[in-house]
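The values are calculated or read from the model by the stated rules, or taken from the named source; none is laboratory data. If you're wondering where the values come from, they're calculated on a predicted model, not measured in any experiment. Here Cβ is always computed from backbone atoms with ideal geometry, including for glycine, and neighbour counts include all displayed protein chains. Areas reflect the complete protein model, heavy atoms only, side chains present, ligands, DNA and RNA absent. Shrake-Rupley method; radii C 1.70, N 1.55, O 1.52, S 1.80 Å.
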Amino acid sequence: MLALALLAVVLVFTVAAPHRWPEAVAAVPAAVLTVAVGALSPAQAWEQVRELGPTVGFLAAVLVLAHLADVHGVFRWVGALLAGGARGQPRRLLSLVFVAASLTTAVLSLDATVVLLTPAVLATTLRLRVPARPHVYATAHLANSASLLLPVSNLTNLLAFSASGLSFLGFAALMALPWLVVVALELVLFRLFFAADLRPRPALELPVEPAPTPRLALVVLALTLVGFAVSGLVGVGPGWVAAVGAAVLAVPALANRSTSAPRLVREAAPLFCLFVLALGVVVGGVTAGGLGELVGELVPEHPTLLALLGTAVLAAVAANVVNNLPATLLLLAVLGTTADPGLVLAVLLGVNIGPNLTYVGSLATLLWRRVLRSRGVAPSLRTFTVLGLLTVPLTLPAAVLALWLGLQLR
């Protein structure tokens, strides 16, 4: 009960973000108390930290890589492409935003979509004088649901990837069809939900300033993605690949003073990384305290279609109750190291798609809300919730079916 209370305190603090204090302010003391009261032994706590270490290291490297891509003008270039390709039409712009957000999330992680692409999309809607709602809500949804494709797309993916025993390419092969199905279905549903905002409009001759193509950054990002795919074959962790890509982009950025070494350290989000490690210890205490056994009774052992669906729904519910990161840690601990990869990926479907129901389901959604508010745009809780009630009950079963089909063909 005490471990659950500590987890609740950490989650409430994370959602409320009093005085914009970092999440680690609550998580680290909670982790210390988890060990101090005996909910987890020091050896068990260290094992949690050790297992999460490579995943957190990769997260830091990808955050720096995304920052350097922005410094090199990747997102200014993407914004110019969106503005030029839309030709002033909201419906066309929404399709382009879906493509940009899906690819950005898959390659650079959902944090890049929320922090870097969302402002570029908002600026594009203002430049073209089209309603911003469909396009900025698309970046929020796709930061979650379009993060299914690659192990590097989301912190939850990295955790599931480690537990699945799959190779990078094997993971991507199984998640490609669910990813395509979810993105396509969301686009259809967005067009229906935002039909009034997406009505065709008279063509306007609006000047669109071209942005130079960031060739170096695009080449480095492409090579980094290839490196992710082959890293497992040569026994190199993906974190090292991301670090090398970041280092290549950092050299010219530091030389021309478009960034600085202290800025790169801040972009690595060391306090957030510390929060993830501490959260892992707290969730470990909750799991060891009996909740793991209770949840374990609800988790099936074999990846039948109904079992996959039940697992995904359970994960989606857990994500909206305790946030998707602790839900992932809890469910993967319950499944154990010998779980069928299909069940692990079903958990991932639930914790990535399910958070589109509520603000608290994903840290990325909370960050998206802060990004918009800092630019004078207040997202509507009612719109977000109604849109989630429309999309999640349709996209989650569709993704599960696509995963089941992929497992049959494996």
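Yes/no matrix, rows are residues, columns are (1) modelled with pLDDT under 90; (2) touching a Leu at 6+ places or on another chain (Cβ under 6 Å):
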| site | (1), (2) |
| --- | --- |
| 124 | no, yes |
| 129 | yes, no |
| 144 | no, no |
| 150 | no, no |
| 163 | yes, yes |
| 179 | no, yes |
Here the qualifying pairs (Cβ atoms under 7 Å; residues six or more apart or on different chains; first in segment 12-26 and more than 14 Å from residue 273 (Cβ to Cβ) and of a type in the set (Gly, Ala, Ser); second part of a helix (DSSP H, G or I) and open to solvent by 70 Å² or more (accessible area, probe 1.4 Å)) come out as 26/9
If residue 261 passes every condition in (1) within 23 Å of residue 148 (Cβ to Cβ); (2) modelled with pLDDT of 90 or more but one, which one does it miss? (1)
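Scan segment 380-397 residue by residue and report those that are hydroxyl-bearing (Ser, Thr, Tyr) and part of a helix (DSSP H, G or I). Full working, then the answer.
Let us first name the residues in segment 380-397 that are hydroxyl-bearing (Ser, Thr, Tyr), namely 380, 383, 385, 391, 395.
Across segment 380-397, the qualifying residues are 383, 385, 391, 395.
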So which residues in segment 154-169 are closer than 21 Å to residue 140 by Cα and hydroxyl-bearing (Ser, Thr, Tyr), if there are any at all? 156
Please work out if residue 291 is open to solvent by 10 Å² or more (accessible area, probe 1.4 Å) and at pLDDT 80 or above. no
Any chance residue 113 is over 14 Å from the mean Cα position of the chain (by Cα) and open to solvent by less than 10 Å² (accessible area, probe 1.4 Å): no
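Kindly establish whether residue 354 is among the small types (Gly, Ala, Ser), open to solvent by less than 20 Å² (accessible area, probe 1.4 Å) and within 19 Å of residue 193 (Cα to Cα).
Values: among the small types (Gly, Ala, Ser): yes; open to solvent by less than 20 Å² (accessible area, probe 1.4 Å): yes; within 19 Å of residue 193 (Cα to Cα): yes.
It is true that residue 354 is among the small types (Gly, Ala, Ser), open to solvent by less than 20 Å² (accessible area, probe 1.4 Å) and within 19 Å of residue 193 (Cα to Cα).
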Within the group 400, 377, 351, 360, which residue is at pLDDT below 95, assigned to a helix (DSSP H, G or I) and not aromatic (Phe, Trp, Tyr)? 360
Please tell me if residue 366 is more than 24 Å from residue 111 (Cβ to Cβ), open to solvent by less than 10 Å² (accessible area, probe 1.4 Å) and either of a type in the set (S, T, N, Q) or touching a Phe, Trp or Tyr at 6+ places or on another chain (Cβ under 8 Å) (or both). no
Conditions (1) farther than 19 Å from residue 50 by Cα; (2) modelled with pLDDT under 90; (3) open to solvent by 30 Å² or more (accessible area, probe 1.4 Å); number of the one not met by residue 272: (1)
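Inspect all residues belonging to segment 129-145 and state whether any of them is within 25 Å of residue 326 (Cα to Cα) and touching a Pro at 6+ places or on another chain (Cβ under 6 Å). Let's see the steps before the verdict.
Filtering segment 129-145 for residues within 25 Å of residue 326 (Cα to Cα) gives 137-145.
Right, trim to touching a Pro at 6+ places or on another chain (Cβ under 6 Å) and you get 144.
Yes, the conditions are met somewhere in segment 129-145.
The rows are residues; the columns are (1) at pLDDT 90 or above; (2) within 24 Å of residue 243 (Cα to Cα); (3) assigned to a helix (DSSP H, G or I).
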{"position": "85", "(1), (2), (3)": "no, no, yes"}
{"position": "94", "(1), (2), (3)": "yes, no, yes"}
{"position": "113", "(1), (2), (3)": "yes, yes, yes"}
{"position": "117", "(1), (2), (3)": "yes, yes, yes"}
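Can you pull out every residue in segment 94-107 that is farther than 23 Å from residue 155 by Cβ and either within 18 Å of the chain's Cα centre (by Cα) or open to solvent by 10 Å² or more (accessible area, probe 1.4 Å) (or both)? Step through it out loud before you land on a result.
Within segment 94-107, the subset farther than 23 Å from residue 155 by Cβ is 94-97, 99.
Listed by number, the residues that qualify are 95, 96, 97, 99.
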Picked from segment 234-266 (must be of a type outside the set (A, V, I, L, M, F, W, C) and either open to solvent by 50 Å² or more (accessible area, probe 1.4 Å) or free of Cβ contacts under 8 Å to residues at least 24 places away in the same chain (or both)), the residue farthest from residue 65 (Cα to Cα) is 235
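Just to check your reading of the model, which residue among 52, 59, 4, 33 is in contact (Cβ under 8 Å) with a residue 40 or more places away in the chain, open to solvent by 20 Å² or more (accessible area, probe 1.4 Å) and in a helix (DSSP H, G or I)?
Working: 52 fails: open to solvent by 20 Å² or more (accessible area, probe 1.4 Å); 59 fails: open to solvent by 20 Å² or more (accessible area, probe 1.4 Å); 33 fails: in contact (Cβ under 8 Å) with a residue 40 or more places away in the chain.
Criteria check complete, one pass: 4.
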Does residue 78 satisfy the condition of being under 20 Å from residue 364 (Cα atoms), part of a helix (DSSP H, G or I) and touching a helix residue (DSSP H, G or I) at 6+ places or on another chain (Cβ under 9 Å)? no
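I'd like to check which helices (runs of 4 or more DSSP H) are fully inside segment 122-197 and have at least 3 residues that are crowded, with 23+ Cβ neighbours inside 10 Å and of a type outside the set (A, V, I, L, M, F, W, C). Reasoning before the result, please.
Working: elements: 133-145, 155-164, 168-193.
Those helices (runs of 4 or more DSSP H) span 133-145, 155-164.
Suppose we filter 360, 313, 377, 322 for residues that are more than 24 Å from residue 5 (Cα to Cα), open to solvent by less than 60 Å² (accessible area, probe 1.4 Å) and touching a residue at least 60 places away in the same chain (Cβ under 8 Å); which single one remains? Write out each step before concluding.
Values: 360 fails: more than 24 Å from residue 5 (Cα to Cα); 313 fails: open to solvent by less than 60 Å² (accessible area, probe 1.4 Å); 322 fails: more than 24 Å from residue 5 (Cα to Cα).
None of the other options fit; the residue is 377.
Check segment 74-93 and report whether any residue there is among the polar types (S, T, N, Q) and open to solvent by less than 10 Å² (accessible area, probe 1.4 Å). Talk me through it step by step, then tell me what you get.
Within segment 74-93, the first condition is being among the polar types (S, T, N, Q), and the residues that meet it are 89.
Going one step further and asking which of them are open to solvent by less than 10 Å² (accessible area, probe 1.4 Å), we end up with none.
Looking through segment 74-93, none of the residues is among the polar types (S, T, N, Q) and open to solvent by less than 10 Å² (accessible area, probe 1.4 Å).
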Residues of segment 36-46 being assigned to a helix (DSSP H, G or I), free of Cβ contacts under 8 Å to residues at least 12 places away in the same chain and not hydrophobic (A, V, I, L, M, F, W, C), in sequence order, are 42
